[in-house]
Structure formats: structure tokens, C-alpha cells
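Undergrad: Pasting in a structure now, in C-alpha cells, and then I'll have a few things to ask.
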Amino acid sequence: MGRILALDFGKKRTGIAVTDELQIIASGLTTVNTKELIEFLKNYTLNENVELFLVGEPKQMDYSESESEAIIKPFLKILKKEFPKIPIKRVDERFTSKMAFQVMLNSGLKKEKRKNKALIDEISATIILQSYLYSK
């Protein structure tokens with residue numbers, strides 16, 4: 001089995017989470033500048049067996065597309081082109097940022113660390129990945 005890599009794609013930053021090779025545990029990996037994301041993924045997939053990309057799918061409360069989808073669709077085309085052998089699945093990411101902030105609160109992080117948007121993005125990617133694993 002290969003790893004599953006989850007992406008909480010954003011205009012500036014993208015949070016990344018990954019499973020172990022048995023696809024049991026979801027862990028935050030990092031947050032990267034979105035402009036450097038494809039290069040990061042190329043380097044990562046050279047060293048690790050990635051079986052699936054999960055990309056968060058932002059939706060409105062009525063399940064319609066959110067405005068963010070407009071920046072995600074072009075990225076998905078590039079991702080498919082650069083990694084044609086790795087399938088891509090979309091996962092509803094509504095409320096993941098709020099859930100990530102709550103995780104930070106519950107874990108006792110100080111106010112200064114809770115302002116770290118990169119950490120919120122990484123935790124959001126982990127929540128996306130964990131929700132996918134639960135649904136399998």
C-alpha cells in the first residue's frame with residue numbers, strides 16, 4: 001500500500017497531511033507556499049509511494065461550489081498532468097478551519113501559536129484526511 005496525501009489548498013498556502021503506508025494514521029506533514037506546491041509534491045513522490053491525492057472541496061452550506069473552487073480547478077488540471085498515475089479524490093472540507101482552530105484550543109496552544117495560519121492549514125489537511133479514512 002502507498003500513502004494518501006491530503007491537501008488543504010489555498011491561494012497563498014497549502015496544508016499537507018499524510019497517512020502511514022498502511023493507511024491507518026493521518027498526520028500533519030507541513031504547510032508549503034502554494035507557488036512551491038508542485039515542486040514539493042514532485043520531491044515527496046520521488047521518496048515516498050503515494051497512492052492517492054485527496055484535495056479539499058470547499059462548499060457552501062447548500063452544497064454549491066464556494067468561490068475558492070475557482071482557484072482549485074486550475075490546480076487540479078496541473079496536478080493530473082504532473083502526476084498522471086496518482087488518482088485524485090475530492091473531500092468536503094466545510095468547517096475544517098474552524099475544527100482546526102478548536103483542536104488548537106483544546107490542545108492548550110497559547111494565543112500566539114493559534115494565530116499561525118500555516119498550522120491551521122496543516123491541521124485542516126489532517127482533518128480532511130482523517131474524515132476520508134473514517135469513511136472508508
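Undergrad: In region 1-40, how many residues are in a helix (DSSP H, G or I) and under 17 Å from Ala118 (Cβ atoms)?
TA: Number satisfying all stated conditions: 5.
Undergrad: I need the full set of residues from region 1-31 which are touching a Leu at 6+ places or on another chain (Cβ under 9 Å) and more than 15 Å from Ile128 (Cβ to Cβ), in order please.
TA: Met1, Gly2, Ile24
Undergrad: With respect to the numbered conditions (1) closer than 14 Å to Ser124 by Cα; (2) touching a strand residue (DSSP E or B) at 6+ places or on another chain (Cβ under 8 Å); (3) at pLDDT below 90; (4) polar (S, T, N, Q), which one is the sole condition not fulfilled by Gln102?
TA: All conditions pass for Gln102, except number (2).
The values are calculated or read from the model by the stated rules, or taken from the named source; none is laboratory data. Keep in mind that what you see is a predicted model, and the values were worked out from it rather than measured. Ideal geometry is used to build each Cβ from the backbone, glycine not excepted, and the neighbour counts take in all protein chains shown.
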